[in-house]
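See structure below.
Where a number appears in this text, it was derived from the coordinates with a stated rule and is not lab data. This one's a predicted model, so the numbers in the text were calculated from it and none came from an experiment. No Cβ is skipped: glycine too gets one built from the backbone with ideal geometry, and neighbour counts run over all protein chains shown.
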Amino acid sequence: MKKEVRSAVIAGNWKMNKTPAETTQLINEMKPLVKDADCKVVLCVPFVDIDAAVKAAEGSNIEIGAENCHFKSSGAYTGEVSAEMLVACGVKYVVIGHSERRQYFGETDQTVNLRTKAALDAGLTAIVCVGETLEQRELGYTETLLKFQTKMALTNVSAEQLKNVIIAYEPVWAIGTGVTATAEQADEGNGYVRAAIAEAYGADVAETVTVQYGGSMNAKNADELLSMVNVDGGLIGGASLKAEDFSVIVKAASK
Ligand code: PEP
């Protein structure tokens, strides 16, 4: 395993939290705390907060992401936002296929693939989420499911485009629940994702892809999770809304 060849990326996912004014305040609090990070620091924020976030992060090492994008560049898709629009607003990353979108908004493996390709075509880095439910885990389908979701998301994504893909392994049972996967479970899940990439693109390519773990990562457990060979960073929900906690996770990834 060659963990050192991969970029460590800590990305916050703010979900449906914070107004533009609160965004400015939180990013201003975070900037001095994460300025010495030896990893990439990304904040994925609600659409309405993007402008405030880009302005607040200007000149710092924090990059801004969105939480979703549509797969068409424009058209009659009321309520949606295209990848091109995000790029025009200064966005660099976008979360695709978060389990909350799969669960509440009808996101499927097919739409995840379409959105991933649209994001890559527009020049964004896609943070693609995959993960099993507790029921799927208990039935013994974790490996099959993670490999399937990963390959589906990457259908028709070239090896060149894959350079702008991060996969976040997020067990659904660990998201927002306070129940974290053990470091071994996180490493195993991330390993299945990497194995799927190896099957599709070859082992050498798979070694270069950043695979994050997400699911109740916090200031206390980040060190152990991030020390695992297959865990190249984190997608952080709740703890990314607290400057101090988020910065502890960033520091853990910088070791
Ligand atoms: C997430 O939203 O991707 C997430 C992992 O949330 P939390 O850290 O709150 O479990």
(request) Identify all residues within the stretch 230-255 that are of a type in the set (A, V, I, L, M, F, W, C), within 15 Å of the ligand (Cβ to nearest atom) and either at positive phi or not in a loop (DSSP other than H, G, I, E, B) (or both); write none if there are none. (result) 235, 236, 239, 241, 246, 248, 249, 250, 252, 253
(message) Which of the helices (runs of 4 or more DSSP H) found entirely inside the stretch 1-113 contain at least 3 residues meeting this: surrounded by 14 or more Cβ atoms within 10 Å (Cβ to Cβ) and within 14 Å of the ligand (Cβ to nearest atom)?
(response) 99-104
(message) Give me the residue from the stretch 200-229 that is within 12 Å of the ligand (Cβ to nearest atom) and of a type in the set (Ser, Thr, Tyr) and, out of that set, nearest to residue 36 (Cα to Cα).
(response) 213
(message) Can you tell me which residue is surrounded by the fewest Cβ atoms within 10 Å (Cβ to Cβ) among those in the stretch 200-225 that are in contact with a Leu (Cβ under 8 Å, 6 or more places away or on another chain) and aliphatic (A, V, I, L, M)?
(response) 205
(request) Determine which member of the set 231, 193 is under 16 Å from the mean Cα position of the chain (by Cα), more than 22 Å from residue 15 (Cβ to Cβ) and crowded, with 22+ Cβ neighbours inside 10 Å. (result) 193
(request) Considering (1) out of contact with any Cys (no Cβ under 8 Å at 6 or more places or on another chain); (2) of a type in the set (S, T, N, Q); (3) under 23 Å from residue 226 (Cα atoms), say which one residue 68 fails and leave the rest. (result) (3)
(request) Kindly list the number of the only condition in (1) under 25 Å from residue 31 (Cβ atoms); (2) assigned to a loop (DSSP other than H, G, I, E, B); (3) touching a strand residue (DSSP E or B) at 6+ places or on another chain (Cβ under 8 Å) that fails for residue 220. (result) (3)
(message) Just to be sure I understand, how many residues within the stretch 159-176 are more than 12 Å from the ligand (Cβ to nearest atom) and among the aliphatic types (A, V, I, L, M)?
(response) 5
